[in-house]
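The values are calculated or read from the model by the stated rules, or taken from the named source; none is laboratory data. Every value quoted in this text rests on a predicted model; they were computed, and no experiment measured them. Cβ coordinates were reconstructed from backbone atoms using ideal geometry, including for glycine residues, and neighbour counts include every protein chain displayed. For the accessible areas, the whole protein counts, side chains as well, though only heavy atoms, and no ligand, DNA or RNA atoms are used. Shrake-Rupley method; radii C 1.70, N 1.55, O 1.52, S 1.80 Å.
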Amino acid sequence: MRFVNNYENKIKEIVQEKKLTYCIDTMGCQMNENDSNKYMGILESMGFQKAPIEKANLILFNTCCIRENAENTLFGRLGFLKQRKEKEENVYIVVVGCMTQQKHILEKIKKSYRFVDVVLGTGSMRLFPEKLYKILCLKQKEIEYLEVGNEIEEEVPILYEDQYKASVSIIYGCNNFCSYCIVPYVRGRERSRKPEDILNDIRKLAQKGYKEIMLLGQNVNSYGNDFEEEYHFPDLLKEVEKIEGIEIIRFMSPHPKDFKDDLIEVIKNSKKIARQIHLPLQSGNTEILSKMNRKYSKEQFLDLALKLKQIPDISLSTDIIVGFPNETEEQFLDTLDVVKKVGFDQIYMFIYSKRNGTVAAKMEDKTSHEEKVERLERLKKLYEDMLPELNQKMIGKTYFVLVEGKSKNNDKLYTGRTSQNKVVIFSADDSYIGKIVPVKIDSEHLWYLKGSIVD
Ligand code: SF4
C-alpha cells in the first residue's frame, strides 16, 4: 500500500502559522529507529521543525515493550509533560510503537494519562496525517485500540540523521513465537517487502551518497517465505550487492535456525557484506533453548558459529538472556561455555524480563533475582576478559573504515567503524568524512581501537 498524505496542505498551513516544532523520543530496537526516521520524514514534509523536548510542540514517543522498564520509562516521561500540557497551548503528545498494541497500556493511558492526544499502533503509519489533522484542526483526541496493521506501507517519506549510513526494512513482523518475546503479538505476522521496492529505496539512497546499508527485520532470513515464487534473503543480498555506490551491506537480525549454507556462501563471496554477523544465542543450554522455542540446540548453534568463524576476518555479535525462568547454575554454565568457544566481539546481555501475554510469563520461576544479577556480572566479566585478545588480533592489520566524523571525546581525532563493526579512532581532517579509507590498527582499548590512515 502506497503512503498518501491527503492532509499535507491543511496541516502545513497550521504548522507555518503557529511555527510548530517536534521531537521524537525513540525507545528500543533498530526497527523502531527506522520507524522514527519515517515519522521524522512525515513531520518535516509538513513543515514541522525539530526542537529539544522541553520546547517542542509535538512530542512523539515511539515505544518498545521488550523489557518491563520501557513501560516505566514511558510513563515517567509522560508524567513530566503533564504540567506543560496543562500550562501551555499547542502542546501535543503522540504515543506510537509496540507498547500501544497492548490493551493494558492503552487502558492506563486512558485512565491516568488523559492528556495524551494520539495513540497509534504498529503498521498504521498511513493514519498518522489524519490523526494529526484531527488534533491540530479539530481538537479531537484519538486514543483507540487499533489491531496490528498488517499492510506494508511503501513510499513513506523518510529522513536519516546520518549522511552515509541508512537502514532499510525488508520484512516486518515475526512468526517465530519465542516463548519470552512479545514481538509477534505487537508486530504481527511476517510480511516481506517486494524486492523491487527495497532495491529502489537503496538505489535512491546510493544516488544521495549513502555508502552503508543496514537491511532490517525481526528475522531477516525469513525474507521471502511469504512469496509465491522462490526468492529468499540470499537472492536479495546478491541484488543489493550490484547497486553501485553502496559499499557496505549489513543486516540485522538473522535467526540461527534459518541460517543456511546458501547464505553463508553469499556472505563468503561478497565484497560488500560486512565481516560482522549478529547471531542471537539467547542461551547456551539446549533445554532452555527448547523452553524458549528457539528451535536449535547448543551444538547446532556452535556448529553454525564455528562455520561462520571460518570466513576470514569475520566477527560475531550476539544477544544473551540470563535467568530465563528456572535457569539452573549448570544451564547457565552452558551459556558461558558457548561464549568461551565462539569468542563474540559484541554481546548484548539482559536479565530475563517477564512479558505478560507470552508463554514464558506463565512459567514458574524459582531462580532468584540476586542469582540472575550475579550471573549477568559473571557473563559480563568473561566477555570483558576475552575482548582484549580478540582486539589484539587486529593490531598491525589494515581495515577499510567509513569515516563518520569527529570523535565525541577528542575533536582532534576522527572515528569510524571497520567492517567488523569495531570503532576506530585516528587522525584525519574533515575532507575524509564520508570516505572509506584504509586504517592500520595500532592499539586496542577494550571498546575501541586506535589506528592511522595508510597513505
Ligand atoms: S525471532 Fe523470536 S526473539 Fe526475535 S522477534 Fe521473533 S519471536 Fe521475538
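Below are the figures for this structure:
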| item | result |
| --- | --- |
| Translational D in µm²/s for segment 90-145 (Stokes-Einstein at 10 °C, 1.306 mPa s, Kirkwood Rh from C-alpha pairs) | 140 |
| Burial ranking of peptide ranges 429-436, 67-74 (average Cβ count within 10 Å, highest at the top) | 67-74, 429-436 |
| Sites ASN200 and ASN326 - FRET efficiency at Förster radius 41 Å, r taken between beta-carbons, to 0.05 | 0.25 |
| Cα-based helix-to-principal-axis angle, 369-392 vs the chain, degrees rounded to 10 | 60 |
| Peptide ranges 375-388, 14-27 listed from the most packed, as the mean C-beta count within 10 angstrom indicates | 14-27, 375-388 |
| Calculated P(r) of the chain - Cα pairs past 43 Å, % | 16 |
| Signed unit charges on C-beta, dipole axis of the chain, positive-most listed residue TYR383, ALA428, VAL439 | ALA428 |
| Extreme residue, positive dipole direction of the chain, given options ILE395, SER407, GLN300 (C-beta unit charges) | SER407 |
| Reach of LYS85 by Cα under 21 Å, taken over lysines that are not fewer than 8 positions away in the same chain | LYS18, LYS19, LYS50, LYS55, LYS108, LYS110, LYS111, LYS131, LYS134, LYS139, LYS141 |
| Between 0 and 90°, nearest 10: helix 103-112 axis offset from the chain longest Cα axis | 50 |
| Debye intensity ratio in log₁₀ form over the Cα atoms of segment 150-217, taken at each q of 0.20 Å⁻¹ | -0.85 |
| Efficiency of FRET from Cβ geometry, LYS134 and GLN300, R₀ 45 Å, rounded to 0.05 | 0.30 |
| Spin-label zone in segment 431-445 - amide nitrogen under 20 Å from a point set 7 Å from the Cα of LYS271 along the C-beta vector | 435-439 |
| Cα-based Rg and Dmax for segment 236-378, where Dmax is the largest Cα-Cα distance (Å) | 16.9, 55 |
| Net charge over other residues, Cβ less than 11 angstrom from the Cβ of ARG191 (K, R count +1; D, E count -1) | 0 |
| Taking the chain and dividing mean pair separation by its residue count, relative contact order in percent (alpha carbons under 8 Å, at least six apart) | 10 |
| Separation of alpha-carbon centers, segment 205-238 and segment 399-425, rounded to whole Å | 26 |
| Contour minus Cα-Cα distance for LEU333 and ASN90 (0.36 nm per residue) | 81.9 nm |
| Computed helical MRE - 222 nm, the chain, DSSP H runs ≥ 4 contributing -39500 (n - 2.57), nearest 500 | -11000 deg cm²/dmol |
| Stretchable slack from ASN225 to LYS393, in nm (0.36 nm times residue separation minus alpha-carbon distance) | 56.6 nm |
| Cα gyration tensor category, rounded, prolate or oblate, for segment 160-274 with a/c compared to 1.5 | prolate |
| Distance violations [Cα-Cα > 28 Å] among LYS38/LYS242; LYS204/LYS260; LYS307/LYS372; LYS103/LYS354 | LYS204/LYS260; LYS307/LYS372 |
| Total charge dipole magnitude, segment 398-453, about the Cα centre, Cβ charges on Lys, Arg, Asp, Glu only, Debye to nearest 20 | 80 |
| Estimated D of segment 398-453 in µm² per second, where Rh is the Kirkwood radius over Cα pairs and Stokes-Einstein applies at 4 °C, 1.567 mPa s | 121 |
| Cα gyration tensor shape for segment 1-40, rounded if a/c is under 1.5, else prolate or oblate | oblate |
| Folded to 0 to 90 degrees: helix 30-45 orientation relative to the chain principal axis, Cα | 40 |
| Of all accessible heavy-atom area on segment 271-335, the percent that carbon and sulfur account for (1.4 Å) | 49 |
| Net lengthening on full extension, SER452/SER431 (0.36 nm per residue, minus Cα-Cα) | 6.0 nm |
| C-alpha center-to-center spacing [segment 42-78, segment 133-180] in angstrom | 14 |
| Cα gyration tensor, segment 14-156 - rounded (a/c under 1.5), prolate or oblate | rounded |
